[in-house]
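Take a look at the structure below.
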Amino acid sequence: MSFLQRRNEQLKQGSSNGSNGSSPVAEAAPVAPAAPPMPLKAEPKVEEKHDTHVIPPKITSSPKITQLRKQFRSKLLAAPDEADQWDREDEEKQQIIVNRLNTIIQKAGISLSAFEYEELKEALINDILGFGAIDPLVRNKSVSEVMVTGADMIFAEQKGKLAESEYIFDDEEHVQWTAQRIVRPLGRTFNRANPMVDARLPDGSRVHLVMPPSALKGTTITIRKFPSKPLTVEDLIKFGSFTREVSQFLEACIVSRLNIVVAGGTGSGKTTLLNVLSSFIPEDERIVTIEDAAEIQLTQRHVVSLETAPPIPGGDGETGRLVIRDLVKGSLRMRPDRIVVGEVRGGEALDMLQAMNTGHDGSLTTVHANNPRDAIARLETLCLMAGMDLPIIVVRSQIAAAVNLFVQQARLKDGSRKVVQITELQGMEGSSITLQDIFVYRTPGQNGQGYSHAGGGMLEPTGFRPNFEDRLKEHGFKLPVNMFGGANKFTK
């Protein structure tokens with residue numbers, strides 16, 4: 001609990017211990033290196049309700065502290081990028097900021113109470129070494145996503161549920177300060193000429209930023225956080241994402257070099273699942289990962305990690321740019337055993353399929369789609385974006401020849417993320433692609449086809465054995481007879 005939080009608790013209890021009067025900053029400093037700052041609390045406001053949405057009491061600073069915070073941010077740094085590589089938890093770096101703050105306040109002759117000084121100090125440490133108003137959310141391990149919709153509207157996701165938080169930025173300039181701190185260490189520019197940027201935090205969390213005028217309520221920051229320690233297959237089994245039998249089946253598919261596409265909606269857990277699937281790749285294989293912003297965390301030693309690059313600042317807007325498609329094409333010259341593309345979202349889908357069809361089997365990627373059939377349609381559309389005038393039947397044939405398995409990931413109504421469908425692509429039948437479900441997520445009493453969107457179910461076998469089972473046996477995997485259930489379990 002921070003100094004101000006303790007003060008607020010005392011005020012609530014009617015305590016009058018400690019001085020609230022003004023005193024020179026010399027009385028409050030020097031300050032020993034503080035523990036990681038906690039959120040600063042102002043007097044709580046009455047909760048407001050807009051329909052069913054509850055707006056929590058907001059944590060605000062006094063106008064005086066807000067102004068000093070804005071005035072001192074840049075003055076505490078020798079250069080705008082001086083603290084870009086400093087660790088937020090480094091007490092030595094914190095003390096450097098505190099010492100500089102003390103010097104500036106004393107030279108300016110500014111009078112602050114001990115409470116005001118403590119609030120200003122913690123706020124500036126958050127701004128310079130952390131991520132401003134959202135720093136407590138970024139450092140909170142239970143928060144999986146942080147969404148800044150405007151200076152006074154910040155949402156956070158915990159355990160699959162999204163809610164508005166009590167934190168706010170001082171103003172739009174405060175949001176912009178944090179946005180620039182995020183993109184600057186990566187050599188990316190975020191301005192009117194480049195109003196939308198993908199980036200990542202030092203811990204690997206993915207960040208997407210959009211500035212006005214496209215973002216009507218102010219600069220938008222969306223952070224998708226990832227655990228500091230990559231989740232393992234045992235973690236996903238424990239969370240109920242899939243069963244141990246399914247993990248054995250997926251491991252056999254990966255080692256046997258099947259080409260796999262992980263499909264799912266936004267925030268469904270595709271990247272986490274891709275990480276786990278990639279962990280099954282044998283250690284003696286060369287892996288090339290390709291992403292917009294590096295998120296895949298592989299433990300194998302022989303991994304080449306590639307990330308897209310923006311154009312050179314101040315150039316013609318093209319020089320220095322590398323997009324996913326460039327990296328996919330370049331990776332084919334790196335003698336990869338496996339190619340793992342974080343997500344296909346453009347013409348690189350065609351290059352990826354061609355790689356899968358020309359000796360780079362065992363490759364993995366993800367795509368946004370609600371079910372395997374939609375994933376095929378999505379891949380067709382992306383291939384047509386490659387700019388080549390190909391008949392749709394040719395594109396469809398490429399998909400049928402390249403992809404062996406779709407693994408569908410979904411976020412269910414209860415907020416849980418699970419594998420809900422594992423589907424084999426069996427080939428072409430006329431002009432259509434034939435699919436066969438091997439496992440489907442079902443809930444008790446469920447009627448109808450497809451997977452259930454409710455929690456409390458189980459990923460169950462359909463009764464159909466995959467056509468590629470002989471391929472699994474060739475690689476030493478003799479799966480249990482009962483793994484795929486009774487014959488034709490879900491057929492009418």
Filter pass, G132 being open to solvent by less than 10 Å² (accessible area, probe 1.4 Å) and at pLDDT below 95: yes
Residue among Q106, Q85, Q95 that alone is under 30 Å from T272 (Cβ atoms) and surrounded by fewer than 21 Cβ atoms within 10 Å (Cβ to Cβ): Q85
Filter pass, L412 being in contact with a strand residue (DSSP E or B) (Cβ under 8 Å, 6 or more places away or on another chain), buried (at least 17 other Cβ atoms within 10 Å of the Cβ) and at pLDDT below 95: yes
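Residue-by-condition table, conditions (1) farther than 23 Å from A199 by Cα; (2) open to solvent by less than 10 Å² (accessible area, probe 1.4 Å); (3) within 19 Å of the chain's Cα centre (by Cα); (4) modelled with pLDDT of 95 or more:
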{"site": "E116", "(1), (2), (3), (4)": "yes, no, no, no"}
{"site": "V138", "(1), (2), (3), (4)": "no, no, yes, no"}
{"site": "S142", "(1), (2), (3), (4)": "no, no, yes, no"}
{"site": "D152", "(1), (2), (3), (4)": "no, no, no, no"}
Total residues in region 441-470, condition open to solvent by 40 Å² or more (accessible area, probe 1.4 Å), part of a loop (DSSP other than H, G, I, E, B) and more than 16 Å from Q421 (Cβ to Cβ): 6
Failed item in (1) closer than 17 Å to P372 by Cβ; (2) modelled with pLDDT of 90 or more; (3) surrounded by fewer than 17 Cβ atoms within 10 Å (Cβ to Cβ), with E474 passing the rest: (1)
Residue match in region 97-119 (condition: charged (D, E, K, R) and closer than 24 Å to E164 by Cα): yes
Filter result for the condition that a residue is at positive phi and in contact with a helix residue (DSSP H, G or I) (Cβ under 6 Å, 6 or more places away or on another chain), over G427, G445, G456: G427
Long-range neighbours under 6 Å by Cβ, at least six apart or interchain, first residue among the acidic types (D, E) within region 192-221, second part of a strand (DSSP E or B): D198/H208
Criterion (of a type in the set (V, I, T), touching a strand residue (DSSP E or B) at 6+ places or on another chain (Cβ under 7 Å), in a loop (DSSP other than H, G, I, E, B) and at pLDDT 90 or above) met by exactly one of V340, V328, V344: V344
Long-range neighbours under 9 Å by Cβ, at least six apart or interchain, first residue more than 19 Å from V328 (Cβ to Cβ) within region 362-384, second in a helix (DSSP H, G or I) and among the hydrophobic types (A, V, I, L, M, F, W, C): A369/A375; A369/I376; A369/A377; A369/L379; I376/I399; I376/A400
Residue count, region 219-261 (criterion: closer than 30 Å to G150 by Cα, among the small types (G, A, S) and buried (at least 20 other Cβ atoms within 10 Å of the Cβ)): 0
Tabulated pairs, region 337-353, first open to solvent by 10 Å² or more (accessible area, probe 1.4 Å), second among the β-branched types (V, I, T) and part of a strand (DSSP E or B), C-beta under 6 angstrom, 6+ apart or interchain: E343/T366
Search result, residues across region 169-204 that are loosely packed, with under 15 Cβ neighbours inside 10 Å and outside any helix (DSSP H, G or I): D171, G187, N191, R192, A193, M196, P202, D203
Region 477-490, subset open to solvent by less than 70 Å² (accessible area, probe 1.4 Å) and more than 13 Å from Q248 (Cα to Cα), residue modelled with the highest pLDDT: G485
Filtered residue count, region 262-284, keeping only those that are in contact (Cβ under 8 Å) with a residue 60 or more places away in the chain and open to solvent by 10 Å² or more (accessible area, probe 1.4 Å): 6
Every residue from region 361-383 that is over 24 Å from the mean Cα position of the chain (by Cα), part of a helix (DSSP H, G or I) and crowded, with 22+ Cβ neighbours inside 10 Å: I376, C383
Any hit, region 315-331, residues being open to solvent by less than 10 Å² (accessible area, probe 1.4 Å), under 30 Å from Q426 (Cα atoms) and over 23 Å from the mean Cα position of the chain (by Cα): yes
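The values are calculated or read from the model by the stated rules, or taken from the named source; none is laboratory data. As the structure is a prediction and not an experimental result, all values here were calculated from the model. No Cβ is skipped: glycine too gets one built from the backbone with ideal geometry, and neighbour counts run over all protein chains shown. For the accessible areas, the whole protein counts, side chains as well, though only heavy atoms, and no ligand, DNA or RNA atoms are used. Shrake-Rupley method; radii C 1.70, N 1.55, O 1.52, S 1.80 Å.
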